[in-house]
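Have a look at the structure below before the remarks.
Any read-out appearing in this document is the output of simple, stated calculations on the displayed coordinates, not a laboratory observation. Predicted model only: the values in this text are computed from it and were never measured. Positions of Cβ are generated from backbone atoms using ideal geometry, with glycine treated the same way; all protein chains shown enter the neighbour counts.
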Amino acid sequence: MKIDPHFIYVVPLGDVSDEHLKGIAESIGEQFGLPVKISPNQGVPLYALDVGRQQYNSNLILQKLIHDLAPDGLKILGVTYVDLFSPIFSYVFGEAQFKGKGAVISSYRLLGNPENESAVGCPPLMSRLEKEAIHELGHTFGLKHCADPDCVMNYSVGLECADRKFSFFCPACRDLMLWNLGTDIFLKT
Amino acid sequence: MKEDARVLVVDDEPMVCLSLSNWLEEENYFTRAVEDGPKAVAAVREENWDIVLLDLRMPGMDGMEVLKQVKEIAPQTVVIMMTAYASIPSAVQAMKEGAYDYIVKPLDVEQLTLMLRRIVEHQQLITENILLRKRLTEQYEFEDIIGKSEAMQEVFEMIKAVTDTNATVLITGETGTGKELVARAIHSNSPQRYGPFVATSCGALPETLLESELFGYEKGAFTGADRTKKGRFELANGGTLFLDEVGDISIKTQIKLLRVLQERSFRRLGGTDPIEVDVRLISATNRDLVTAIEEGTFRSDLYYRLNVVSIHLPSLKKRKEDIPLLAAHFINKYNVEFNKKFDRVEREAMDLMMDYHWPGNVRELENAIERAIVIDQGPEVKVNHLPFCNIEMVSSEESQTLQEVERRHIEKMLSRHDWNIAKTARLLKIDRTTLHKKIKKFRLERQQ
């Protein structure tokens, strides 16, 4: 039987709150117009731990997520609280396979300080997680960083700047995302 | 914003190349990654890169060697060294060799983002600056004629006004003001531009020679005329004939010239058949033709024929605000010709240039800059490069008598102040009558 891949899977990796998972799922469902499924928790991705750096390699996590993607899955998003790095960068908020299937985000650096403690007066973590999830998944649809400071695909240095942008696409990015989404589904069905 | 910025990644680790390329693409950069030095050098030879992210330690050709070659091939390309903590001293050394900055691996994504964005913005500003300068220069240039002064802007307007017509033009102005350049500018923008531009210096030739030069001659017309020769009028057919120093031609030749202008035809020396020509005539003179008419040395009817439209070129001392612009133009011109890298005029030299009376006008200024560029390596045109400073120094040394020193000093001060008697007398602390007496005594004359 032929299965049309059209779900976005959200996969918790370790101790991620249900509230956050639900919020992320709703936001990405709304922005991408696709049904979202929350997968069972896969636990802390110890396979990606770099003992020397005491950080988790986002490349390895991405590889495993994509490998495990269900046949009905169009995209997959891992959500974790561990500190992520990519081999070239000292840390990342998240990483995506550009024009690919998978993305992963972490709440670790979104909390606002490296000691992993909530900074006083910082916007709710939920809002930052939503934006990061949509942003990274946007890359899997071939969207690049956008010059519009309000657009969710804008990449501004520093959390304060990121807080100023909205959790949705500007009209140009939205059109491009929908175009690429149509192509994506067409190619995979 | 950054879509046109091109970044070359050079690293022997495939993972670094892949990750950085992926990230740069998300950041809207056009990117390419190569894994060794020789490939990096080849890539820089083949294409233009705005930025090169270069690993310092690579097997074979290391980052320092690649940096040197990149800077030789494309000095404008910005190179950022990527290094591990242990190699920071080498990276600092690389900055002395021309690298823009260095970043430590693993890279701080925010630091890299800001650095790249800053470079691109800076390059965009440079590009904008170049375009603005170009636009400004274009406003101050017409063909090869340079000038932002009001007098030169008026000249440009006149040139533009006459280019589309076939009107006869008389260009007046002192020697060296660029009369032939104006004539060429009119020709190259006129309907005759596809025809020839034939220039003749009337003052340089004796009367008989000028006639045969202008109208040509038939074989046997005079001793030595062993073949028929076309004159300048015939050679300029369908184009423009430029008669320089037209004020110097004899009355006899003036009559013949007038006849050509009236009849649009002429006969070669020794010839009988009239030859019709379609020529636009542009003439030039440094003489005051109105005075010449009054003195009876120039025909008024020819003057009115030649002077349908007149363009007067101001002397350089009357448009001194153009001196820096002209100096910059000639510096660029002779930098290219002599492969030098002059880029400025020393302040003191510029002050002297602004003070000097430039009897030879733009031509003298051009020669002064050319001389400076020939005799030195730059990057600055200095006082000792300026020939008029040297002449004055040598001459002063040669002045032996007090009277000679006095004469030279009065002459210099008069010239510096454009022969303003009251001003010069005031500065010399003598009254005007005394100054007049000294001018008469030393037989000083104002040079045109």
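Determine the alpha carbon to alpha carbon distance for each of B:LYS179/B:LYS340; B:LYS340/B:LYS382; B:LYS317/B:LYS340 and list only those over 20 Å. Pairs exceeding the cut-off: B:LYS179/B:LYS340; B:LYS317/B:LYS340.
Listed by chain and number, the lysines whose alpha-carbon sits under 23 Å from that of B:LYS39, ignoring those within fewer than 8 places in the same chain, are B:LYS68, B:LYS71, B:LYS105. Within straight-line reach of B:LYS423, meaning a Cα separation under 12 Å, sit the following aspartates and glutamates at least 8 residues removed in sequence or on another chain: B:ASP431. Note on B:LEU131 and A:SER90: with the Förster distance fixed at 45 Å, the Cβ-Cβ geometry gives a FRET efficiency of about 0.70. Here each label is just a point 7 Å from Cα along the line to Cβ, and for B:GLU72 and B:MET95 those points are 2.5 nm apart. Projected onto the charge dipole of segment B:64-115 (+1 at Lys/Arg Cβ, -1 at Asp/Glu Cβ, origin at the Cα centre), which of B:LEU67, B:ILE103, B:MET82 gives the Cα projection farthest towards the positive end? With unit charges placed on the Cβ atoms, the residue in question is B:LEU67.
To the nearest 10 degrees, how steep is helix B:37-46 against the longest Cα principal axis of chain B, on a 0 to 90 scale? Tilt relative to chain B: about 30 degrees.
With both residues required to sit in segment A:7-188, DSSP beta bridges show an antiparallel share near 30%.
Among rounded, prolate and oblate, which fits segment B:399-441 when a ≥ b ≥ c are the square roots of the eigenvalues of its C-alpha gyration tensor, a/c under 1.5 means rounded, and a/b larger than b/c means prolate? Taking the square roots of the gyration eigenvalues as a ≥ b ≥ c, segment B:399-441 is prolate.
Straight-line cross-link reach from B:LYS229 at under 16 Å between alpha-carbon atoms covers these lysines, not counting any fewer than eight positions away in the same chain: B:LYS219.
Which residues does a label at A:PHE166 reach in segment A:127-153, if reach means a backbone N under 12 Å from a point 7 Å past the Cα toward the Cβ? Answer for this model: A:149-153.
At q = 0.06, 0.09, 0.11 Å⁻¹, work out log10 I(q)/I(0) for chain B with the Debye formula, treating every Cα as an identical point scatterer and leaving solvent out; two decimals please. One equal scatterer on each Cα of chain B leads to -0.48, -0.83, -0.97. Across the alpha-carbon atoms of the protein assembly as shown, the computed radius of gyration and Dmax are 39.0, 119 angstrom.
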